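Accompanying notes for the structure given below.
The values are calculated or read from the model by the stated rules, or taken from the named source; none is laboratory data. If you're wondering where the values come from, they're calculated on a predicted model, not measured in any experiment. Cβ atoms come from the backbone with ideal geometry, glycine included; neighbour counts cover every protein chain shown. Accessible surface is based on the protein model in full, side chains and every heavy atom, while ligands, DNA and RNA are left aside. Shrake-Rupley method; radii C 1.70, N 1.55, O 1.52, S 1.80 Å.
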Amino acid sequence: MTIPARMREWLDQQQVRYEIIPHREVYTAQEVAGATHIPGRAYAKVVILKGRQGLTMAVLPAKCRLDVVRVRQVLNDSTASLDPEADFAQTFAGCEPGAMPAFGNLYGIPVYCDQHLTKETMIAFPAGSHHEVIRIASKDFLRITGAQVHEMCTIVHEQAA
C-alpha cells in the first residue's frame, strides 16, 4: 500500500513539501519511530476521541501519553473519550486500520496538536499504512490542518533513534 491518492493530491494542491519514508511493518508509534530512526519527540501518533461534537483527532509525540482529563478541558467536553478503532476505521477510507494520517481535517475531523510537536522543525506520522510514514515541516502541518495547539499529553520516555 502506498500513500492514499487523496492525500497526495491534497498535499500537492497545498504546495507542501513532504517525504515518504518506508519502514518494516510495525504497529506502535514507538516502534515506528525506532524503525524510521525518528526521535519519539518528532514522530506523531494519532489518537481519535469521541464526544458530544463527534470525532476529534489528537496528534501528540510518540513519547507521550494522552492526558484525557486535559483533552476534556481543551474540548470543553466532559464526555470525550478514546474511540474504539472499529467505530471510526471506515472514516479513513484508503488507510489501513490504525495507520490514519494526522490530517483529520481531510476526513472532516478537527485536529488538536500537542504543543510539544510544535517545537520540532519536522514531524512525521503514519501515511495511511503500516509500511510508510510521511514527514513534513511542523509549520506546514499546522497551516494545512488548522490544528489547534494545546498541552494535551504527559511525556513518558524518549525513543532512542
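Brief remarks on what is shown
- Separation of alpha-carbon centers, region 8-34 and region 71-112, rounded to whole Å: 18
- Mean Cβ count within 10 Å, highest first, over the residues of peptides 130-140, 32-42: 32-42, 130-140
- Solvent-accessible surface of region 95-161, averaged per residue with a 1.4 angstrom probe and all protein chains in place: 39 square angstrom.
- Residue by residue, region 49-55 carries 3J(HN,Hα) couplings of 10, 10, x, 4, 8, x, 7 Hz when phi is fed to the Karplus relation 6.51 cos²θ - 1.76 cosθ + 1.60 (θ = phi - 60°); x denotes Gly or Pro.
- Checking (i) 7; (ii) 21; (iii) 13 against the coordinates, the calculated percent of Cα pairs over 30 Å apart falls under label (i).
- Percent accessible area from carbon and sulfur atoms, the chain, protein chains only, probe 1.4 Å: 49
- Magnitude of the charge dipole, the chain, Cβ model with Lys/Arg +1 and Asp/Glu -1, debye to 20: 320
- Efficiency of FRET between VAL16 and GLN53 - r from beta-carbon atoms, R0 25 angstrom, step 0.05: 0.40
- Length-normalised contact order for the chain - Cα pairs under 8 Å, 6+ apart - percent: 33
- Spacing of the two label points (7 Å from each Cα toward its C-beta) at GLN115 and THR79, in nm: 2.9
- Computed magnitude of the charge dipole of region 107-161 (debye, nearest 20; Cβ of K, R +1, Cβ of D, E -1): 180
- Estimated at 0.36 nm per residue, the fully extended path between GLN90 and HIS150 surpasses their Cα-Cα distance by 18.9 nm.
- The Cα atoms of region 50-92 give a gyration tensor whose axes a ≥ b ≥ c have a/c of 1.5 or more with a/b no greater than b/c, which makes the shape oblate.
- Helix-only [θ]222 nm of the chain, DSSP H runs n ≥ 4, -39500 (n - 2.57) each, per residue, nearest 500: -6000 deg cm²/dmol
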